[in-house]
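The values are calculated or read from the model by the stated rules, or taken from the named source; none is laboratory data. These figures come from a predicted structure and were not determined experimentally. Neighbour counts are summed over all protein chains in view; Cβ atoms, including those assigned to glycine, are modelled from backbone coordinates with ideal geometry.
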Amino acid sequence: MQPITAQALDRLPLILAAAARAPVNRVRFLSAGLITAKDELVPDWQTAFTWLQPLRKSELRANPGAFLTDAADVVYRGQTSGTAGGAESESFTYFAGDRWNQARLVARQHSLSWWGIVPETPMLNLASRLGPVREQDSSLFGAIDDIFLQQFQAIVSQQPVMVRGYPSRLCEVAIALHHCQIQPPSGSIVAVITTGECLWKQQRSLLSDIFRAPVINEYGCQEAGMSGLSCPEVGRLHLDSDRCLYEIVDGQLLTTDLYNTTMPMVRYYSGDVLHLYPDPCPCGRPGLTAKILGREEEQLQLGDRTYWPGEVEMPPFPEILNYQLQLYPEHRRLWVQPTAAMTDNDLAPLQQWLETTLGQQETEVILEQPKSNSPNLPSAPLESQQWLQQLLSQPWSSWLEQPLPTGKGMAIAALLKHLAVPRYILSQGLSPATLQRIQTLSFTYTTGDTVLELWKVRVLLWAVSFMGETLPELEVQQFYLALLTRLQCWRDEHQPADLAAYAAVGFDLLAPLLTLDTATVQLTWPWVQTLIQNFWPQGIQPDAFTMHHYLAVLEQAGQNAQARAHPWLPQLRPLSAILLGDFFRFAPMLNVDMIVTWAEIVHNCPGAWMQNQTQTDFMRLWQQHRQRLLQPKAIALQTSLTELFSAAQSPSQSAQCWLEKGYTMLVLGESFDLAEWQEILQQQVGQLTVNLGQTTSNPLPWSPILKALAPQFLQAGQPELAYACLFAAAPPNRHRSSFDRHTKGVNSKQSIIKQMSAAP
């Protein structure tokens, strides 16, 4: 065991006590003689600790719920990133509590301070993580094309940032910048932080030259509590010894997280291979220092010796931006990305290094030409009218994968793509590029085309719901009112023959009223309702655009409502899960009264805007119950629940009744009968499993109930069910599908030296 700090020595008994609550750990602890039959540490527990059987990642991945010890203190939900070239199934979800999360944030900022980086400095994640974590952070992802590079230029030109990502990904960005002769402004990039892979000298040299910033090597195995940053003086990786206990056993690194009492991992072997330096770092900072060597499955056979990737020096060479080496049994393949055209003489230093380091062997050299940065789109662009037809009649994945339409619809489509599937995501609000598109579009009029002018208004109304986190509320309010006036002028000027054909626009008019501030909504609602009634006295009908619009808006509306005082909080957090659950359940019946119900919920204004109801009995009773839940009184709620159950005539309506009963119990502070609700969940949601493959309905609206039941399942000795509840209660994230779409095939971990099993 490495020397243990006083803080770690104080924390370790607390972690062991928490871990022993998990039966699988208790068996390990008893077998090692670490605890007594009464679950107390033995007198010589530090010695017994070294006899404890290590925990491997495969065991944890096979049954993560068995290691859950606290289902109430859950503020952090993480997912392991897997391995280079590994399958997604190799990752798993882990949970941690508030103190662990605070310790993590403090440790990172402490290490960044060595480099003179202050907490306010934004971090720009390049593709490797969806993120962002802090309010000032952001993520840019997707293929490295002209759009990506333009956005990157715009971001780093606004304010100094830290750039972070996998070394391989950052090198791809750097090479694209080089070939396009784009140089970030001096001082615009404070630091380049590499993470998730080994960092080699040639990569460090490339990143430092192109980004004109120091390169910081970051190591993190979050599920194990391990973290570290390299120091500026020497470049050694300094491990955070206060958050984690480190051991080297039979050449393997074992760690014990000293802060995660929610899902403790004791003597955990993650599969990462590190070399711990025996001597103190010359920089003078105390604590353990290490070098990342690779993963247990990444060993290299070079001659009669076995190496870890990190043991092989990969130096930089003149006129070569980057290179990658694949080792086959009978030959080598060398991929080279030159600065420009190369001759055999230019390659000589690299080939000589190969023979000196790895021995003589047939080497196939492949010189890569600069890649085109034009977006790789599968088909020719559509005409604007064709695009509109596709927008309403086909899955959106079809037009999102195509180039922007030609003609007057191009700017409209570009803004909609920015809103629906952004490639640049901020923690809050819209990007400057998106705001610029909004401003440009709002000051232009599509003359001679009635339909496109209306679509411009529809897309701008979508944008209104997300402007409040970036612009002053008064400015957003004025922008919204201007769009209402613009729509009125559109009707007066064009006198469309069939207004009913545009009835879906009424839903676009209502959507911002779910996200604007309550005072604005109270003033504006009568005007909007009057406008809709005058335009479409026969009522409004949704279309495909409406559905996508409200999927985005309802998530934002729930987040906004959580920032205000609300009678449903904290019991029904996240509110967006409830709103989206309503949407998935009632989308085929979407009408004005549904929007009114949601508006009264998010603004906590029961009965403020509901007029004569036209729904069926069940819908009317459901809305009445939601109004009463905003002014929770037990007797009135019990009455409305009884009426709701009596009116249910289908399995889906019965499921909604049980949802409302669960919400009501949470708001009133009533306790759940575990056996009863386990049966209800099985009937209404399906068999809860980690992969949710056997669920019969969407678990999203059940999230508040699942989170409330998780501690009870754990206390009842059913940790796997507790874990499944937490797993299923994932908060909504509209950016996840955008991230997955844009990073598919361009976001995997890579190693620049790799053992290959067979000839290509």
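Specify which of the listed residues (579, 621) is closer than 21 Å to residue 540 by Cβ and not acidic (Asp, Glu). Reasoning before the result, please.
On the way: 621 fails: closer than 21 Å to residue 540 by Cβ.
It is 579.
So, in the stretch 365-387, how many residues would count as being touching a strand residue (DSSP E or B) at 6+ places or on another chain (Cβ under 6 Å) and modelled with pLDDT under 80?
1
Which of the residues spanning the stretch 88-127 are touching a Phe, Trp or Tyr at 6+ places or on another chain (Cβ under 9 Å), touching a residue at least 12 places away in the same chain (Cβ under 8 Å) and part of a helix (DSSP H, G or I)?
98, 99, 100, 101, 103, 104
Might you let me know whether the stretch 163-185 holds any residue that is farther than 30 Å from residue 296 by Cβ, modelled with pLDDT of 95 or more and outside any helix (DSSP H, G or I)?
No - not one qualifying residue is present in the stretch 163-185.
Please work out which residue is surrounded by the most Cβ atoms within 10 Å (Cβ to Cβ), limiting yourself to the stretch 270-309 and to residues that are within 14 Å of residue 237 (Cα to Cα) and out of contact with any strand residue (DSSP E or B) (no Cβ under 7 Å at 6 or more places or on another chain).
Among those that are within 14 Å of residue 237 (Cα to Cα) and out of contact with any strand residue (DSSP E or B) (no Cβ under 7 Å at 6 or more places or on another chain), it is 283.
Here are the criteria: (1) assigned to a strand (DSSP E or B); (2) more than 23 Å from residue 92 (Cα to Cα); (3) among the acidic types (Asp, Glu). Tell me which single one residue 233 does not satisfy.
Here residue 233 clears every test but (1).
Scan the stretch 640-659 residue by residue and report those that are assigned to a helix (DSSP H, G or I), over 15 Å from residue 584 (Cα atoms) and of a type in the set (S, T, N, Q).
640, 642, 646, 654
Conditions first: (1) hydrophobic (A, V, I, L, M, F, W, C); (2) under 23 Å from the mean Cα position of the chain (by Cα); (3) part of a helix (DSSP H, G or I); (4) modelled with pLDDT of 70 or more. Residue 730 passes all but one, so which condition is the exception?
Against the list (1) hydrophobic (A, V, I, L, M, F, W, C); (2) under 23 Å from the mean Cα position of the chain (by Cα); (3) part of a helix (DSSP H, G or I); (4) modelled with pLDDT of 70 or more, residue 730 comes up short only on (3).
Out of the residues in the stretch 510-543 meeting the condition of being under 26 Å from the mean Cα position of the chain (by Cα) and part of a helix (DSSP H, G or I), tell me which one is surrounded by the most Cβ atoms within 10 Å (Cβ to Cβ).
512
So in the stretch 410-456, with the set limited to residues that are more than 23 Å from residue 139 (Cβ to Cβ) and charged (D, E, K, R), which one is surrounded by the fewest Cβ atoms within 10 Å (Cβ to Cβ)?
449
May I ask you to verify whether residue 254 is closer than 18 Å to residue 48 by Cα, in contact with a strand residue (DSSP E or B) (Cβ under 9 Å, 6 or more places away or on another chain) and not in a loop (DSSP other than H, G, I, E, B)?
yes
If you go through the stretch 1-23 one residue at a time, how many are farther than 16 Å from residue 261 by Cβ and assigned to a helix (DSSP H, G or I)?
Step one: filter the stretch 1-23 for residues farther than 16 Å from residue 261 by Cβ, giving 1-6, 9, 23.
Now restrict to residues that are assigned to a helix (DSSP H, G or I): 6, 9, 23.
The qualifying residues number 3.
Using beta carbons and a limit of 6 Å, which pairs, at least six apart or on different chains, have the first residue in the stretch 347-376 and within 18 Å of residue 323 (Cα to Cα) and the second one modelled with pLDDT of 90 or more and aliphatic (A, V, I, L, M)?
363/334; 365/334; 367/336
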